[in-house]
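Read through the structure below, which is laid out as structure tokens, and then see the notes.
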Amino acid sequence: VQLQASGGGLVQPGGSLRLSCAASTSPFSVYTMAWYRQAPGKQRELVAFITSSSNSNYTDSVKGRFTIARDNARNTVYLQMTSLKPEDTAVYYCNAKRPDGMNVWGRGTLVTVSS
């Protein structure tokens, strides 16, 4: 399995970005997909995940601002980020977890929220 994340960049506070993560695996639909982030000097934290049945959950700091979604036909998971804050600045990583526990990480994509 390979994961390719994209969509990061520089955005002003209050702005929006959409991250994408394309997976080279089949069947993609069985994986729980997640986005993590790691800010400078901090530990990596779970931002959001979406299960194979499309149940999702979010860390408290992004609830109401971020939305995770998956497109199984395109083997892709998205993270729509709105009302971005400087504290959202981090490298965002895509993660795929198979039902047997196998875990795969993609390369990160940098999100910088700054004026």
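The values are calculated or read from the model by the stated rules, or taken from the named source; none is laboratory data. Here the structure is a predicted model, which means the values were calculated and not measured. So basically every Cβ, Gly included, is an ideal-geometry build from the backbone, and we count neighbours across all protein chains shown. For the accessible areas, the whole protein counts, side chains as well, though only heavy atoms, and no ligand, DNA or RNA atoms are used. Shrake-Rupley method; radii C 1.70, N 1.55, O 1.52, S 1.80 Å.
Out of segment 15-63, which residues are farther than 21 Å from PRO99 by Cα and β-branched (Val, Ile, Thr)?
Answer for segment 15-63, where residues must be farther than 21 Å from PRO99 by Cα and β-branched (Val, Ile, Thr): THR59, VAL62.
Report yes if some residue within segment 55-64 is modelled with pLDDT of 95 or more, open to solvent by less than 40 Å² (accessible area, probe 1.4 Å) and of a type in the set (A, V, I, L, M, F, W, C); otherwise report no.
yes
In segment 36-64, which residue that is among the small types (Gly, Ala, Ser) and outside any strand (DSSP E or B) is nearest to GLY8 (Cα to Cα)? Spell out how you get there, then give the answer.
We begin by selecting, within segment 36-64, every residue among the small types (Gly, Ala, Ser); these are 39, 41, 48, 52-54, 56, 61, 64.
Filter again for outside any strand (DSSP E or B), leaving 39, 41, 52-54, 61, 64.
On the way: ALA39: 14, GLY41: 19, SER52: 25, SER53: 27, SER54: 24, SER61: 19, GLY64: 20 Å.
My answer is ALA39.
Suppose we filter segment 20-38 for residues that are surrounded by 15 or more Cβ atoms within 10 Å (Cβ to Cβ) and of a type outside the set (Val, Ile, Thr); how many remain?
So the answer is 11.
Would you check which residues across segment 1-19 are surrounded by fewer than 18 Cβ atoms within 10 Å (Cβ to Cβ) and either among the charged types (D, E, K, R) or over 17 Å from VAL62 (Cα atoms) (or both) and list them?
Of everything in segment 1-19, those that are surrounded by fewer than 18 Cβ atoms within 10 Å (Cβ to Cβ) and either among the charged types (D, E, K, R) or over 17 Å from VAL62 (Cα atoms) (or both) turn out to be VAL1, GLN2, GLN4, SER6, GLY7, GLY9, LEU10, ARG18.
Just to verify a result, which residue in segment 65-115, among those that are of a type in the set (A, V, I, L, M) and part of a loop (DSSP other than H, G, I, E, B), is surrounded by the most Cβ atoms within 10 Å (Cβ to Cβ)? Full working, then the answer.
In the first step, residues of segment 65-115 are kept if they are of a type in the set (A, V, I, L, M); the result is 68-69, 73, 77, 79, 81, 84, 90-91, 96, 102, 104, 110-111, 113.
Narrowing further to those that are part of a loop (DSSP other than H, G, I, E, B): 84, 102.
Details: LEU84: 22, MET102: 10.
Step by step, filter segment 65-115, then rank; the result is LEU84.
Taking the residues in segment 39-54 that are open to solvent by 30 Å² or more (accessible area, probe 1.4 Å), small (Gly, Ala, Ser) and in contact with a strand residue (DSSP E or B) (Cβ under 8 Å, 6 or more places away or on another chain) as candidates, determine which candidate is farthest from GLY106 (Cα to Cα).
Restricting to residues being open to solvent by 30 Å² or more (accessible area, probe 1.4 Å), small (Gly, Ala, Ser) and in contact with a strand residue (DSSP E or B) (Cβ under 8 Å, 6 or more places away or on another chain), the top hit is SER54.
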